[in-house]
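Undergrad: Attaching a single structure in structure tokens format; questions to follow.
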Amino acid sequence: MTPDPNATFKPAKISTSEKAAATDQTARAIVAAEKIVREKKTEKLKAQHLKRAASEAVVEAPASNPARRSRRP
């Protein structure tokens, strides 16, 4: 059996709509993956912010100096 020289290296023709669908699917997958990464990062940063805010709330602010009285009689 001899291989057909025309069929060996030529890929099958893909219609324009199939190309567009494949591109659309790939783009949507990339956007979805980026969204997941962004949401994870946001949650991490929120947790860090809340942790820092809680630790700062525990530390009391030093008492302010009492108002000075004027020295004039």
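The values are calculated or read from the model by the stated rules, or taken from the named source; none is laboratory data. None of these values were measured; they are calculated from a predicted model. Heavy atoms of the whole protein, side chains included, go into the accessibility calculation; ligands, DNA and RNA do not. Shrake-Rupley method; radii C 1.70, N 1.55, O 1.52, S 1.80 Å.
Undergrad: Among the residues of the range 9-28, which ones are of a type in the set (A, V, I, L, M, F, W, C) and either at positive phi or in a loop (DSSP other than H, G, I, E, B) (or both)?
TA: Listed by number, the residues that qualify are Phe9, Ala12, Ile14.
Undergrad: Looking only at the range 47-73, how many residues end up being open to solvent by 90 Å² or more (accessible area, probe 1.4 Å) and at pLDDT 85 or above?
TA: Qualifying residue count, the range 47-73: 5.
Undergrad: Can you confirm whether the range 39-46 contains a residue that is more than 18 Å from the chain's Cα centre (by Cα) and either open to solvent by less than 100 Å² (accessible area, probe 1.4 Å) or modelled with pLDDT of 95 or more (or both)?
TA: no
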